[in-house]
Amino acid sequence: MSLYAQYAALLDGVLDDLVAEGALPSGLDRMNVTVEPPRDPAHGDLATNAAMVLAKSAKTNPRALAEAIKPKLEALPPVTSVEIAGPGFLNLRLTPDAWRDELRTILRQGDEYGLSTVGKDERVNVEYVSANPTGPLHVGHCRGAIVGDSLARILEAAGFRVTKEYYLNDAGAQVDTLARSLHLRYREALGEEIGEIPEGLYPGDYLRPVGIVMAADYGDDMVDVAEEQWLPVFRDAAIQAMVGLIRHDLGLLNIHHDIFSSEAEVQRSGAVAQAMQVLREKGLVYEGTLERPKSLDPQDEWEPVELTLFRSTQFGDDQDRPMKKSDGSWTYFGADAAYHWKKAQNADHLVNIWGADHAGTVKRVQAAVKALTDGRVDLDVKLVQMVRLFRGGEPVKMSKRAGDFVTLADVVNEVGKDVVRFMMLTRRADAPLDFDFMKVVEASKDNPVFYVQYAHARISSLKRKAADAGVDLAADADLSLLDDEELALVKRAAQYPRVLEGAALAHEPHRIAFYLYDLAAEFHALWNRGNDDPERRFLLENNPQLSRARLELAFGVGQIIRSGLALMGVAAAEEMR
């Protein structure tokens with residue numbers, strides 16, 4: 001249990017005592033009561049909003065409730081003082097030994113430090129990437145892939161059971177276009193001069209190798225036959241080849257899904273009709289017409305068509321949504337609703353990582369999940385904004401291989417997996433991100449991935465230097481020798497468990513990257529004080545006891561950096577070249 005969790009439990013005990021004494025009514029909702037670092041470290045070590053949160057329900061004012069809580073917190077052995085701030089916040093100061101003990105806990109638990117049970121073994125399905133299988137993944141897919149995969153790692157560390165899923169949109173007209181594009185490359189492989197790729201087909205070079213394989217497999221048997229004969233064959237071959245390419249490119253980022261689901265299979269399985277029947281039995285499906293689209297000019301002709309509609313407005317959507325077209329075929333939303341219903345049968349929570357261009361479909365899918373599961377399963381959709389690529393400040397040109405975009409593989413092959421994974425988490429997912437190929441490999445404080453990796457490399461160098469100096473790293477360290485500045489770094493390191501839990505519950509993996517940068521900055525500041533005063537260095541030839549204490553501090557910080565980077569899918573650097 002982390003230090004913050006320990007004090008949350010102690011605070012809970014204090015509140016129980018007040019209930020027993022009649023000073024607080026029983027049954028108050030404590031869900032929003034927190035124990036966290038104060039915004040200004042000068043105000044103390046820990047802060048709680050307990051009095052602010054509970055006062056209204058307790059029919060008292062926050063300040064009065066804070067006065068009742070204060071002496072009970074002051075009675076806790078590690079607490080040196082409690083101050084009431086503002087209208088009723090409580091700021092606690094702890095003994096230095098409390099932080100020394102937390103450093104020992106970090107070192108003792110190692111990779112286990114920060115792991116949480118907040119997830120209570122609940123099942124979470126995280127769906128991410130889910131690009132159409134019509135070509136290689138581009139840099140936008142790259143960002144979504146990293147956000148989703150890092151979130152899955154964080155959720156597992158927080159005690160959730162995670163399924164990582166990729167949904168193949170392989171049932172639409174785009175896969176027929178892919179098949180026609182492959183057929184053209186197949187004819188090219190047989191020696192036919194195909195000229196410019198016709199408009200509407202996929203122009204990238206990535207289909208050429210597949211065309212060569214098809215030429216070897218079929219010879220010229222598929223050249224002069226009718227499209228209805230060759231189209232299914234080439235569609236299946238193209239999808240299989242593209243899925244293989246997608247898996248390969250994701251593998252460059254060490255991203256591997258547990259499940260690849262197929263939209264076409266969802267439709268063939270009858271799941272859409274089953275979902276429709278469930279909704280119909282709930283009275284949530286009806287035959288009707290949609291309102292005239294507001295985007296139409298008044299003079300434009302428009303004729304209402306009767307459709308099968310889902311009452312999504314009952315669940316917060318802007319309008320009811322069609323599940324079946326007038327020709328009897330399912331809409332994309334109909335298939336999407338059935339797919340999410342199918343996922344929800346094996347999950348307690350659903351998380352989708354989507355491109356920002358899908359923002360308009362979020363409410364309707366959330367409405368469908370709520371309706372189909374009677375609210376048992378929640379769906380959170382995280383929208384990922386675009387990535388703008390630059391080289392030295394100039395926009396990067398498109399990739400010939402892809403046809404009209406820069407591929408994920410292009411980016412990873414140039415700067416490496418770890419740089420790409422870290423940089424894609426340096427902004428919130430819903431904010432645009434600029435990725436400059438030159439800046440992301442700069443050795444500067446302005447480059448977050450370098451700055452964090454450099455901190456770990458410095459710590460690793462201390463291990464090597466200590467070994468060369470004959471320092472006995474197995475000997476006990478006297479942590480009472482650490483000064484206030486050094487204990488301040490312990491306090492920052494001790495925030496890791498709560499940052500992890502917060503990132504998991506909010507589904508925001510960028511919080512780990514932000515935290516690691518702040519931790520690295522404080523470590524570098526402590527390291528750099530030794531440049532001005534040699535006696536402030538971590539390793540001192542004339543003071544082995546103080547060296548051991550400072551080395552333990554450094555190793556504890558290194559442990560946190562490694563753990564945090566692992567959640568981001570990034571390997572910690574042992575040295576910087």
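Rule-based calculations on the coordinates, nothing more; no lab input. Owing to the predicted nature of the structure, the values given are computational and were not obtained by experimental measurement. Cβ atoms come from the backbone with ideal geometry, glycine included; neighbour counts cover every protein chain shown.
Observations, loosely collected:
- Unit charges at the beta carbon, dipole of the chain: most positive-side option, TYR286, GLY44, ALA571: GLY44
- Dimensions (Å) - region 448-567, Cα atoms, principal axes, largest first: 48, 27, 24
- Phi angles across region 436-441 convert, under the Karplus curve 6.51 cos²θ - 1.76 cosθ + 1.60 with θ = phi - 60°, into 3J(HN,Hα) values of 9, 4, 7, 6, 6, 10 Hz, Gly and Pro given as x.
- The magnitude of the dipole of region 173-252, with charges of +1 and -1 set on the Cβ of Lys/Arg and Asp/Glu and taken from the Cα centre, is near 380 debye.
- Computed over the chain: relative contact order in percent, which uses C-alpha pairs under 8 Å that are six or more apart: 15
- Cα long-axis angle, helix 173-189 against the chain (0 to 90 degrees, to the nearest 10): 70
- Using only side-chain charges placed at the Cβ, +1 for Lys and Arg and -1 for Asp and Glu, the dipole size of the chain relative to its Cα centre rounds to 1120 debye.
- Distance in nm between pseudo-label sites at ARG268 and PHE390 (7 Å out along the Cβ direction from Cα): 4.8
- Length released on extending from ARG464 to ARG161, taking residue separation times 0.36 nm less the Cα-Cα span: 105.2 nm
- Efficiency of FRET from Cβ geometry, ALA356 and LEU190, R₀ 56 Å, rounded to 0.05: 0.85
- The base-10 log of I(q)/I(0) for the chain, evaluated at q = 0.05 Å⁻¹, reads -0.30 [Debye formula, identical scatterers on Cα atoms, solvent excluded].
- Share of alpha-carbon pairs per 5 Å distance bin for region 3-94, given as whole %: 3, 15, 28, 29, 17, 7, 1
- Calculated mean residue ellipticity, 222 nm, the chain: -15500 deg cm²/dmol, from DSSP H runs (n ≥ 4) at -39500 (n - 2.57) each, averaged per residue and rounded to 500.
- The mean sequence separation of alpha-carbon pairs under 8 Å and at least six residues apart, normalised by the residue count of region 91-240, gives a relative contact order of 23 percent.
- Packing-based exposure ordering (other Cβ within 10 Å, fewest first) of ASP532, ASP348: ASP532, ASP348
- Rounded to the nearest 5, the antiparallel percentage of DSSP beta bridges internal to the chain is 50%.
- FRET efficiency, 1/(1 + (r/R0)^6) with R0 60 Å, evaluated for ASP217 and ASP40 via beta carbons: 0.30
- Against the main long axis of the alpha-carbon atoms of the chain, helix 362-373 sits at an angle near 90°.
- Counted by neighbouring Cβ atoms within 10 Å, the residues ASP170, ASP176, ASP111 run from fewest to most as ASP111, ASP176, ASP170.
- Viscosity 1.002 mPa s, 20 °C: Kirkwood-radius Stokes-Einstein D of region 173-252 over Cα pairs, µm²/s: 168
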